[in-house]
Amino acid sequence: MMKKYLAELIGTAVLVFMGCGTAMLVGCSSEAGGGYILTALAFGLVIVGMAYCIGNISGCHINPAVSLGMLLSHRMSVRDFIGYVVAQCIGAFVGSELLAAVFSLGSVKDMTGGFGSNGLAGVGGNPIAGLLVEVILTFIFVMVILGVTDGDAGHGSFAGLSIGFSLTLVHILGIGLTGTSVNPARSLGPALTALIGGNTQPISEVWVFIVAPLAGAALAALVYQVLRPGKAKD
């Protein structure tokens with residue numbers, strides 16, 4: 001049991017370290033459009049790598065929204081859900097603290113000022129717009145995951161690639177709007193590290209990136225159960 005939680009902790013730490021670390025280095029402003037692609041690829045490629053690394057141990061959720069989708073789809077227990085979410089949040093904080101240590105010791109400038117944390121600047125600071133963006137993006141992402149990991153669907157070894165590419169896709173659109181969360185742990189870890197460093201902006205907006213991904217995942221689980229192959233009446 002603990003091996004699964006440890007795998008989720010490590011996987012989420014790697015996601016934050018590589019994904020947010022890339023964002024910190026390359027920046028994600030519209031003037032440096034290449035940063036969009038590099039950051040999107042970083043997050044997507046981490047998922048691909050971790051899927052084939054810890055997927056056989058924990059399923060490689062490394063995201064509370066994904067775990068919620070699995071819970072509501074009756075693919076995991078409440079006990080495991082709680083254990084996964086705790087491990088994921090700890091892992092995200094560990095990943096962002098590792099970034100803080102590396103960037104501090106290496107005297108590298110944090111281009112974003114918030115350890116790759118999410119924010120609402122791209123939607124004019126409007127939390128409703130941010131919620132809408134994150135619900136939609138998470139819905140798409142979790143729908144893909146539920147589909148390719150459905151035991152009856154037969155996607156098999158291609159699941160990791162499909163999930164990684166879909167995360168890259170939602171980042172390409174979402175980075176300029178909210179920084180793309182679709183993952184409450186990924187947002188909470190950097191926001192806490194930024195708060196420790198004296199930057200209170202990310203933590204003041206982090207609720208959006210907790211509520212919206214969970215709502216999007218719940219909606220995806222509901223819709224997929226309705227559309228699930230073999231469940232239609234006609």
| Do any residues in segment 120-148 that are charged (D, E, K, R) have Cβ atoms under 7 Å from those of residues that are surrounded by 19 or more Cβ atoms within 10 Å (Cβ to Cβ) and not in a helix (DSSP H, G or I), where the two are at least six apart or on different chains, and which pairs are they? | 134/181; 134/182
| Condition broken by residue 175, with the remaining ones in (1) within 23 Å of residue 94 (Cβ to Cβ); (2) touching a Cys at 6+ places or on another chain (Cβ under 6 Å) satisfied | (1)
| request: Go through the residues of segment 15-32 one by one and say whether even a single one is closer than 24 Å to residue 169 by Cα, modelled with pLDDT of 95 or more and polar (S, T, N, Q). | output: no
| Whichever residue in segment 178-198 is more than 15 Å from the chain's Cα centre (by Cα) and buried (at least 19 other Cβ atoms within 10 Å of the Cβ) and, among such residues, is nearest to residue 124 (Cα to Cα) | 194
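Looking at the structure I just gave you, is residue 79 over 21 Å from residue 160 (Cα atoms) and either not in a helix (DSSP H, G or I) or not β-branched (Val, Ile, Thr) (or both)? So that I can check it myself, show each step before the final result.
Values: over 21 Å from residue 160 (Cα atoms): yes; either not in a helix (DSSP H, G or I) or not β-branched (Val, Ile, Thr) (or both): yes.
So residue 79 fits the description; yes.
Take segment 50-62 and flag every residue that is on the phi < 0 side of the Ramachandran plot and crowded, with 17+ Cβ neighbours inside 10 Å. Lay out the reasoning, then the answer.
Filtering segment 50-62 down to residues on the phi < 0 side of the Ramachandran plot leaves 50-58, 61.
The answer is 50, 51, 54, 55, 58, 61.
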| query | Does residue 65 fit the bill of being at pLDDT 95 or above, in a helix (DSSP H, G or I) and under 13 Å from the mean Cα position of the chain (by Cα)? | reply | yes
| In segment 126-139, is there at least one residue being at pLDDT 95 or above, surrounded by 20 or more Cβ atoms within 10 Å (Cβ to Cβ), under 19 Å from residue 38 (Cα atoms) and of a type outside the set (Val, Ile, Thr)? | yes
| request: Among the residues of segment 150-195, count how many are in a helix (DSSP H, G or I), farther than 21 Å from residue 218 by Cα and without any contact (Cβ under 8 Å) to a residue 60 or more places away in the chain. | output: 6
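Tally up the residues in segment 90-116 that are within 14 Å of residue 188 (Cα to Cα) and either surrounded by fewer than 20 Cβ atoms within 10 Å (Cβ to Cβ) or at pLDDT below 95 (or both), please.
Result for segment 90-116: 6.
The values are calculated or read from the model by the stated rules, or taken from the named source; none is laboratory data. Please read these numbers as outputs of a predicted model, since none were measured by experiment. Here Cβ is always computed from backbone atoms with ideal geometry, including for glycine, and neighbour counts include all displayed protein chains.
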